[in-house]
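Asker: First, the structure itself, so that you have it in front of you.
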Amino acid sequence: MFFITDNSVPILLLLTAVAVVALVAGMPKRKTVAGVCVLAAVGLLLLEHTLVSPGEEVEMQLEQMLTNFRSRDLDAIAGQISKQSPDLIENAKRGLDLVDVSEQFRIKSVEVELNDDITKATAFLRANGPLTIRAQGGGSRNMPTYWRTVWVRESDSWKLYQAARLNPVNGDEIEMYGPGN
C-alpha cells in the first residue's frame with residue numbers, strides 16, 4: 001500500500017493511457033472504460049492525499065523539528081526526542097546556544113529507510129541556509145549540513161533516538177559541534 005501512496009505517478013499514467021487508448025481506438029464501451037479510469041485516477045489522488053506513510057510521518061517530524069529550532073522552542077524539541085535519548089536534549093540546547101536558525105534554512109532532501117516491522121526509521125537529510133553565530137557578536141554564514149537520524153515509534157508518534165552529523169561531501173561522521181563546523 002505504501003508504494004501506491006508514495007509513488008502513484010506510474011499508476012496514474014497507466015490509467016490515463018488506458019483512458020486515451022480506449023477513446024481513440026474506438027473500443028466498444030470506450031466511454032465506460034475511460035470513465036472508470038478517470039474515476040480510479042481521481043480516487044487514487046484522493047487516497048494519496050488522505051493516507052500518510054510512515055516515511056512521510058518521519059519527514060513531517062523532521063520539518064517540525066526544524067520549525068522548533070527556528071523558534072528556539074527547547075520544550076517542543078524535547079517533546080520530539082525519545083525518553084531513551086536524554087543526551088540529545090542537551091545537544092539541542094547546545095545547538096540553540098551556538099546558533100540562530102534563519103527562516104531561509106531549509107531541508108533540501110530526505111531519504112527515509114524503515115525496518116521490517118516499521119518501528120524504527122533511519123532518515124538521511126541534507127539541509128542548508130544561513131545560520132547566525134550567537135557568540136562573539138554574531139555573524140551569519142551559509143551552512144550546508146548532512147545528518148543521519150534514527151527515529152523510533154513510541155505510542156502513536158515517531159521520536160528522535162539518535163542523530164549524527166555527517167560530512168556533506170563524503171558522508172563520514174563528524175563532530176556535532178566541532179571546530180570549524
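The values are calculated or read from the model by the stated rules, or taken from the named source; none is laboratory data. Just so it is clear, the structure is predicted and the values come from calculations on it, not from any experiment. When we count neighbours, we look across all protein chains shown, and the Cβ atoms used for this are built from the backbone with ideal geometry, even at glycine.
Asker: Might you check whether a residue that is within 16 Å of Ser157 (Cα to Cα) and in contact with an Asp or Glu (Cβ under 8 Å, 6 or more places away or on another chain) occurs anywhere in the range 42-52? First the steps, then the outcome.
Answerer: Step one: of the range 42-52, the residues within 16 Å of Ser157 (Cα to Cα) are 51-52.
Right, trim to in contact with an Asp or Glu (Cβ under 8 Å, 6 or more places away or on another chain) and you get none.
Among the residues of the range 42-52, not one is within 16 Å of Ser157 (Cα to Cα) and in contact with an Asp or Glu (Cβ under 8 Å, 6 or more places away or on another chain), which makes the answer no.
Asker: Got at least one residue in the range 38-56 being in contact with a Lys or Arg (Cβ under 9 Å, 6 or more places away or on another chain) and either part of a helix (DSSP H, G or I) or not aromatic (Phe, Trp, Tyr) (or both)?
Answerer: yes
Asker: Can you name the residue in the range 63-106 that is assigned to a loop (DSSP other than H, G, I, E, B) and closer than 18 Å to Asn142 by Cα and, of all such residues, is nearest to the chain's Cα centre (by Cα)? First the steps, then the outcome.
Answerer: Pass one, the range 63-106, residues assigned to a loop (DSSP other than H, G, I, E, B): 71-73, 80, 82-85, 102-105.
Filter again for closer than 18 Å to Asn142 by Cα, leaving 102-105.
Working: Ser102: 19, Glu103: 17, Gln104: 17, Phe105: 15 Å.
Checked the range 63-106; the qualifying residue nearest to the chain's Cα centre (by Cα) is Phe105.
Results for (1) out of contact with any helix residue (DSSP H, G or I) (no Cβ under 7 Å at 6 or more places or on another chain); (2) in the same structural domain as Ala123 (by TED's automatic domain parsing); (3) without any contact (Cβ under 8 Å) to a residue 60 or more places away in the chain, shown as yes or no for each residue.
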residue	(1), (2), (3)
Ser8	no, no, yes
Leu14	yes, no, yes
Val18	no, no, yes
Val24	yes, no, yes
Ala34	no, no, yes
Cys37	no, no, yes
Ala41	no, no, yes
Met60	yes, yes, yes
Glu63	yes, yes, yes
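Asker: Out of the range 112-124, which residues are loosely packed, with under 12 Cβ neighbours inside 10 Å and either in contact (Cβ under 8 Å) with a residue 40 or more places away in the chain or farther than 19 Å from Ser82 by Cβ (or both)?
Answerer: Passing the criteria: only Asp116.
Asker: When you scan the range 100-111, how many residues do you find that are farther than 22 Å from Asn170 by Cα and either exposed (fewer than 14 other Cβ atoms within 10 Å of the Cβ) or touching a Cys at 6+ places or on another chain (Cβ under 6 Å) (or both)?
Answerer: Within the range 100-111, residues that are farther than 22 Å from Asn170 by Cα and either exposed (fewer than 14 other Cβ atoms within 10 Å of the Cβ) or touching a Cys at 6+ places or on another chain (Cβ under 6 Å) (or both) number 2.
Asker: Run down Val33, Val42, Val24, Val18 and say which single residue is surrounded by 13 or more Cβ atoms within 10 Å (Cβ to Cβ) and out of contact with any Cys (no Cβ under 9 Å at 6 or more places or on another chain).
Answerer: After applying the criteria, what remains is Val33.
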